[in-house]
Amino acid sequence: MDKFHSLKGIAAPLPIVNIDTDMIIPKQFLKTIKRTGLGVSLFYEMRYDNDGNLIKDFVLNTSPFDQSKILVAGDNFGCGSSREHAPWSLKDFGIRCVISTSFADIFYNNCFQNGILPIVVSPENLDQLMTAAKNQIEFNIDLPEQIIKAGNHSINFEIEEFRKERLLQGLDDIGITLGYQDKINAYEDDKKNKKPWLFKDT
Amino acid sequence: MSNQGPKTLFDKIWSEHLVGQREDGTNLLYIDRHLVHEVTSPQAFEGLKLSNRPVHRPEATIAVADHNVPTINRQNIEDPQSKIQVETLAKNTKEHGIQYFDLMDQRQGIVHIIGPEQGITQPGMTIVCGDSHTSTHGAFGALAFGIGTSEVEHVLATQTIVQNPAKNMRISVNGELPFGVNSKDLILYIIGKIGTAGGTGHVIEYAGSSIMGLSMEGRMTICNMSIEAGARAGLISPDQTTFNYIKGRPYAPGTEHWDQAVEYWSSLPSDNDANYDHEIVIDSSEIDPMVTWGTSPEDVVSVKGTVPNPSSAKTENKKKSIERSLEYMGLKPGTKITDIKLDKIFIGSCTNGRIEDLRKVASIVKDKKIASHVQAMIVPGSGLVKKQAEEEGIDIILKDAGFEWREAGCSMCLGMNPDQLKPGERCASTSNRNFEGRQGRGGRTHLMSPELAAASAITGNISDIRDFT
């Protein structure tokens with residue numbers, strides 16, 4: 001998995017609440033069997049008109065936001081389905097950090113699986129950062145120090161230690177768990193005795 | 001969470017499935033059953049291949065294609081991408097020795113319909129699937145939640161998931177449900193009350209006499225939409241209703257283990273004095289048949305109500321959100337919900353595509369005709385639901401009324417297959433999401449119960465089942 005350490009750049013403001021996974025990547029793009037190539041379809045219905053032409057005033061279609069690596073969005077970002085195509089499309093576009101007041105659980109998890117840092121801030125801080133983003137002030141995200149700097153603002157954020165470590169080191173989660181294979185086997189042996197009906201073959 | 005003291009249903013399932021703690025402090029939770037479908041699994045199988053990792057326990061996994069399968073002429077999937085996805089699932093499951101119900105198998109259907117139908121879903125289990133509506137299985141007192149594709153790969157490779165415990169929330173609904181009010185109205189009302197982020201970080205346990213009085217199918221509708229309330233999982237205590245439903249199904253415990261299983265299942269309900277991080281109590285007499293007016297499942301109102309006015313919003317953000325929804329939905333503030341004219345009716349989905357739903361619809365539309373300006377489609381949740389309905393003559397009643405009778409699948413709930421709304425079309429839908437573009441670009445979705453959708457099909461407007469004769 002790609003590592004995440006720090007990030008500097010212009011942030012794109014998207015002041016909409018409840019941005020759901022259908023908005024991030026609509027269903028027609030879920031038919032792929034690959035993880036890549038979805039960036040062009042990110043926010044498809046907000047980004048393109050019915051004929052497939054770019055909608056000029058949508059933020060990610062305007063310079064310099066079309067190069068943003070950071071997104072600042074309204075409450076409850078990523079609600080809806082479990083589709084990992086949502087973080088895949090953000091990442092493929094180039095977004096590596098999303099800032100909001102809250103995230104839906106599955107989306108939040110999925111971000112960390114793909115080297116994307118979702119940051120939760122207070123509503124007051126979100127307002128400040130949204131304004132800073134609109135004014136094209138450079139953001140500086142520092143994961144080791146857990147600080148967002150933008151202009152005069154310096155905002156600390158919380159992140160669970162294991163998630164931070166995984167991002168910093170780009171760890172392979174499955175590889176780590178396979179190190180516990182003996183424990184998994186022992187668990188199964190124990191349950192085969194105690195709850196045999198669970199081991200009836202499907 | 002301590003090991004001592006009274007426990008909730010969630011706490012009990014959690015501690016029974018803890019394999020251990022990893023060095024990074026995270027918990028490894030054992031997964032009893034893994035359901036797999038064509039859309040969120042190809043990249044997971046590809047990942048296994050790239051790292052040369054086997055599936056840890058293929059017999060704990062069941063696969064089915066449901067999301068993008070056509071509901072007519074299914075021998076030939078016209079969309080080449082959908083065809084590749086379905087073929088990829090068939091190939092991957094064969095390669096790894098995973099049981100797969102193919103499109104011609106009568107057991108094929110929506111993954112969350114067939115799990116319970118086959119008896120795969122059982123109390124006290126942990127169940128995951130790369131689909132957010134996995135919460136459905138919580139109706140059996142199983143801890144069931146949706147996961148992303150990377151986690152699908154993790155479960156295939158290790159039969160575990162890395163997880164930290166959720167918080168406990170209990171929503172109790174008490175009293176006899178008023179006439180015309182059913183499980184769908186109940187869950188829409190709850191989502192309206194706590195909001196789409198209300199359950200974030202929590203597992204919701206539904207309790208109270210209104211909930212426990214529901215059939216298993218009604219309970220599934222409730223747990224299904226837990227995700228729309230922000231919770232990854234919903235739970236309902238297993239009881240005699242649950243055991244009766246499971247007994248005799250193909251994958252249920254056989255007679256040799258039945259009593260042992262029931263004894264264990266009976267120990268699962270939350271202890272009387274268990275602690276909850278959050279508690280909500282609702283009196284069911286305050287609930288009306290509910291309908292959504294906007295583009296979030298929390299945008300919900302009584303069928304007797306009106307479209308809200310943005311100026312009544314408490315915050316600037318909420319006001320903007322209502323304005324955006326109303327513009328998308330093409331609705332004016334103050335419009336009576338029952339004055340909203342419809343173009344399409346969709347009955348189906350993992351929320352309301354079961355036999356009881358179809359029976360209710362049939363009883364309402366029997367000997368009637370759908371309004372001349374609407375197109376109505378009914379998509380059974382599984383091949384077996386379809387077969388059962390046909391044996392009961394339900395298909396004839398529905399076809400006589402003007403409904404299209406389709407093959408099983410997710411269909412227009414998410415419109416990955418050809419069943420979609422056209423821009424501006426307005427649909428009464430028994431599904432679970434009314435997001436912008438969900439049922440087709442520019443499509444306008446009003447979520448409601450099968451009873452309301454059936455009555456609305458006949459009148460052509462959103463209709464209150466209580467006024468319907």
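The figures follow:
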quantity: Strands (runs of 3 or more DSSP E) wholly inside the stretch B:133-223 that include at least 1 residues being at pLDDT 95 or above and under 19 Å from the mean Cα position of the chain (by Cα); calculated: B:143-146, B:167-174, B:202-207
quantity: The stretch B:423-460: number of residues that are within 14 Å of chain A (Cβ to nearest Cβ) and at positive phi; calculated: 4
quantity: Search result, residues across the stretch A:152-167 that are under 16 Å from A:I99 (Cα atoms), in a loop (DSSP other than H, G, I, E, B) and not acidic (D, E); calculated: A:F157, A:I159
quantity: First in the stretch B:296-314 and more than 21 Å from B:N182 (Cα to Cα), second anywhere and crowded, with 17+ Cβ neighbours inside 10 Å, Cβ under 6 Å, 6 or more apart; calculated: B:V307/B:W293; B:V307/B:L331; B:P310/B:I322; B:A313/B:I322
quantity: Search result, residues across the stretch A:160-186 that are open to solvent by less than 20 Å² (accessible area, probe 1.4 Å) and in contact with a helix residue (DSSP H, G or I) (Cβ under 9 Å, 6 or more places away or on another chain); calculated: A:R166, A:L167, A:D173, A:I174, A:T177, A:I184
quantity: Which listed residue, of B:A197, B:A166, is within 14 Å of another protein chain (Cβ to nearest Cβ), in contact with a strand residue (DSSP E or B) (Cβ under 6 Å, 6 or more places away or on another chain) and either without any contact (Cβ under 8 Å) to a residue 40 or more places away in the chain or crowded, with 20+ Cβ neighbours inside 10 Å (or both); calculated: B:A166
quantity: Residues of the stretch B:325-346 classified as more than 17 Å from B:K422 (Cα to Cα) and either in contact (Cβ under 8 Å) with a residue 60 or more places away in the chain or in contact with a His (Cβ under 6 Å, 6 or more places away or on another chain) (or both), total; calculated: 4
quantity: Index of the failed condition, B:E95 passing every other in (1) under 18 Å from B:V36 (Cα atoms); (2) away from every other protein chain (no Cβ under 13 Å); (3) assigned to a loop (DSSP other than H, G, I, E, B); calculated: (3)
quantity: Breaking point among (1) away from chain B (no Cβ under 14 Å); (2) in contact with a strand residue (DSSP E or B) (Cβ under 6 Å, 6 or more places away or on another chain); (3) outside any loop (DSSP other than H, G, I, E, B); (4) not hydroxyl-bearing (S, T, Y), for A:F4; calculated: (3)
quantity: B:Q122, sole failed condition from (1) within 12 Å of another protein chain (Cβ to nearest Cβ); (2) not in a loop (DSSP other than H, G, I, E, B); calculated: (2)
quantity: Some residue of the stretch A:32-39 being among the aliphatic types (A, V, I, L, M) and touching a His at 6+ places or on another chain (Cβ under 9 Å); calculated: yes
quantity: Complete set of residues in the stretch B:71-87 that are open to solvent by 10 Å² or more (accessible area, probe 1.4 Å), in contact (Cβ under 8 Å) with a residue 40 or more places away in the chain and touching a Pro at 6+ places or on another chain (Cβ under 9 Å); calculated: B:I72, B:E78, B:D79
quantity: The stretch A:144-160 residues that are of a type in the set (V, I, T), paired with ones that are exposed (fewer than 13 other Cβ atoms within 10 Å of the Cβ) (beta carbon under 7 Å, 6 or more apart); calculated: A:I147/A:S154; A:I147/A:N156
quantity: Hey, A:I10 among the β-branched types (V, I, T) and touching a Pro at 6+ places or on another chain (Cβ under 8 Å) or not; calculated: yes
quantity: Pairs where the first residue, in the stretch B:135-156, is within 7 Å of another protein chain (Cβ to nearest Cβ) and the second is aromatic (F, W, Y), C-beta under 8 Å, 6+ apart; calculated: B:E153/B:F45
quantity: Complete set of residues in the stretch B:169-194 that are within 14 Å of chain A (Cβ to nearest Cβ) and surrounded by 22 or more Cβ atoms within 10 Å (Cβ to Cβ); calculated: B:M169, B:I191
quantity: Selection from the stretch B:337-352 of residues that are closer than 20 Å to B:S215 by Cα and in a loop (DSSP other than H, G, I, E, B); calculated: B:G348
quantity: The one condition in (1) farther than 23 Å from B:E327 by Cα; (2) free of Cβ contacts under 8 Å to residues at least 60 places away in the same chain that B:G442 fails to fulfil; calculated: (1)
quantity: Elements of type strands (runs of 3 or more DSSP E) in the stretch B:231-334, at least 2 residues being in contact with a strand residue (DSSP E or B) (Cβ under 8 Å, 6 or more places away or on another chain), surrounded by fewer than 17 Cβ atoms within 10 Å (Cβ to Cβ) and away from chain A (no Cβ under 14 Å); calculated: B:278-283
quantity: So B:D343, is it farther than 22 Å from B:V111 by Cα, touching a strand residue (DSSP E or B) at 6+ places or on another chain (Cβ under 7 Å) and open to solvent by 10 Å² or more (accessible area, probe 1.4 Å); calculated: yes
quantity: Flag if A:K27 is open to solvent by 20 Å² or more (accessible area, probe 1.4 Å) and facing chain B (nearest Cβ under 10 Å); calculated: no
quantity: The stretch A:139-173: number of residues that are within 13 Å of another protein chain (Cβ to nearest Cβ) and either more than 22 Å from A:N109 (Cβ to Cβ) or of a type in the set (F, W, Y) (or both); calculated: 1
quantity: Those helices (runs of 4 or more DSSP H) lying entirely in the stretch B:353-469 with at least 1 residues over 29 Å from A:K31 (Cβ atoms), open to solvent by 40 Å² or more (accessible area, probe 1.4 Å) and acidic (D, E); calculated: B:355-365, B:383-391, B:394-401
quantity: Test for B:G437: is it free of Cβ contacts under 8 Å to residues at least 40 places away in the same chain and within 23 Å of the chain's Cα centre (by Cα); calculated: yes
quantity: Matching entry among B:D464, B:D395 (being without any contact (Cβ under 8 Å) to a residue 12 or more places away in the chain and either aromatic (F, W, Y) or in contact with a helix residue (DSSP H, G or I) (Cβ under 7 Å, 6 or more places away or on another chain) (or both)); calculated: B:D395
quantity: Odd one out for A:I10, checked against (1) touching a Lys or Arg at 6+ places or on another chain (Cβ under 6 Å); (2) open to solvent by less than 50 Å² (accessible area, probe 1.4 Å); calculated: (1)
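Every residue, every condition in (1) farther than 23 Å from A:S100 by Cβ; (2) touching an Asp or Glu at 6+ places or on another chain (Cβ under 9 Å), yes or no:
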{"position": "B:T196", "(1), (2)": "no, yes"}
{"position": "B:I204", "(1), (2)": "no, no"}
{"position": "B:L214", "(1), (2)": "yes, no"}
{"position": "B:M220", "(1), (2)": "yes, no"}
{"position": "B:S226", "(1), (2)": "no, no"}
{"position": "B:T242", "(1), (2)": "yes, no"}
{"position": "B:A252", "(1), (2)": "yes, no"}
{"position": "B:D259", "(1), (2)": "yes, no"}
{"position": "B:V262", "(1), (2)": "yes, no"}
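The values are calculated or read from the model by the stated rules, or taken from the named source; none is laboratory data. From a predicted model like this one, the values you see are computed outputs, not experimental measurements. Note: ideal-geometry Cβ built from the backbone for every residue, glycine included; neighbour counts use all protein chains shown. Accessible surface is based on the protein model in full, side chains and every heavy atom, while ligands, DNA and RNA are left aside. Shrake-Rupley method; radii C 1.70, N 1.55, O 1.52, S 1.80 Å.
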